[in-house]
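Peer 1: Structure provided below as structure tokens; questions to follow.
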Amino acid sequence: MKRPLPAERNLPERPGPCTSSKALPTVDTVIAGLQLAGVAVAASANESDYEGSPITRKGDIALGATMAALFATSAVYGFTSTSRCDELKQQQVHDWEWMKNDVDGAGREVF
């Protein structure tokens, strides 16, 4: 008869359909940087440079800063999520190794 594993030895949370790729958070970071560059250009421009433009200088700065903040927030969330996914995947590998090495074929713990 197999003895169940103690509760503290149960497998932790499993990664669902997640990715550990940093590609999209990196794209968000680049876009946030470009938005900040645009804010710097708008901040150094004169009001006269915006004459006849559909957006004012202050509006351009505000919109660029807002977009930079949104993309930066998305990048932070993306890096955090992909890191957590990577940790879960590594833990899953560790748990399966533990199960192979610490539990014999009859379900008994090997000490």
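The values are calculated or read from the model by the stated rules, or taken from the named source; none is laboratory data. It should be emphasised that the depicted structure is a prediction, and the values quoted were computed from it without experimental measurement. All Cβ positions, even for glycine, are placed from backbone atoms using ideal geometry, and neighbour counts span all protein chains on display.
Peer 1: For the range 54-68, name all the residues that are over 32 Å from the mean Cα position of the chain (by Cα) and either β-branched (Val, Ile, Thr) or surrounded by 14 or more Cβ atoms within 10 Å (Cβ to Cβ) (or both). Lay out the reasoning, then the answer.
Peer 2: So the first thing to find is which residues in the range 54-68 are over 32 Å from the mean Cα position of the chain (by Cα), and the list is 54-57.
Within the range 54-68, Ile55, Thr56, Arg57 meet the criteria.
Peer 1: Could you list all residues from the range 45-75 that are closer than 15 Å to Lys22 by Cα and out of contact with any helix residue (DSSP H, G or I) (no Cβ under 8 Å at 6 or more places or on another chain)? Before the answer, list the steps.
Peer 2: Going through the range 45-75, the residues closer than 15 Å to Lys22 by Cα turn out to be 71-75.
Within the range 45-75, Thr73 is the sole residue that qualifies.
Peer 1: Considering each residue of the range 69-90, count those that are out of contact with any Asp or Glu (no Cβ under 7 Å at 6 or more places or on another chain), buried (at least 16 other Cβ atoms within 10 Å of the Cβ) and not charged (D, E, K, R), and give that number.
Peer 2: Step one: list which residues in the range 69-90 are out of contact with any Asp or Glu (no Cβ under 7 Å at 6 or more places or on another chain), which gives 69-70, 72-73, 76-77, 79-87, 89-90.
Within this subset, residues satisfying the condition of being buried (at least 16 other Cβ atoms within 10 Å of the Cβ) are 72, 79, 82, 85-86.
Filter once more, so that each one left must be not charged (D, E, K, R): 72, 79, 82, 85.
Qualifying residue count, the range 69-90: 4.
Peer 1: Please enumerate the residues belonging to the range 46-91 that are acidic (Asp, Glu), part of a helix (DSSP H, G or I) and either in contact with a Phe, Trp or Tyr (Cβ under 9 Å, 6 or more places away or on another chain) or more than 23 Å from Leu34 (Cβ to Cβ) (or both).
Peer 2: Looking only at the range 46-91, we keep the residues that are acidic (Asp, Glu), and these are 47, 49, 51, 60, 86-87.
If we keep only those that are part of a helix (DSSP H, G or I) as well, we get 47, 49, 60, 86-87.
Correct list: Glu47, Asp60, Asp86, Glu87.
Peer 1: Sticking with this one: Any residue at all in the range 80-97 that is under 21 Å from the mean Cα position of the chain (by Cα), modelled with pLDDT of 95 or more, among the small types (Gly, Ala, Ser) and within 21 Å of Thr29 (Cβ to Cβ)?
Peer 2: Scanning the range 80-97 turns up no residue that is under 21 Å from the mean Cα position of the chain (by Cα), modelled with pLDDT of 95 or more, among the small types (Gly, Ala, Ser) and within 21 Å of Thr29 (Cβ to Cβ).
Peer 1: Could you look through the range 16-45, keep only residues that are at pLDDT 95 or above and outside any helix (DSSP H, G or I), and pick out the one that is surrounded by the fewest Cβ atoms within 10 Å (Cβ to Cβ)?
Peer 2: Our first condition is that a residue be at pLDDT 95 or above; within the range 16-45, this holds for 22-45.
Remaining after also requiring outside any helix (DSSP H, G or I): 22, 45.
Details: Lys22: 15, Ala45: 13.
Within the range 16-45, the match that is surrounded by the fewest Cβ atoms within 10 Å (Cβ to Cβ) is Ala45.
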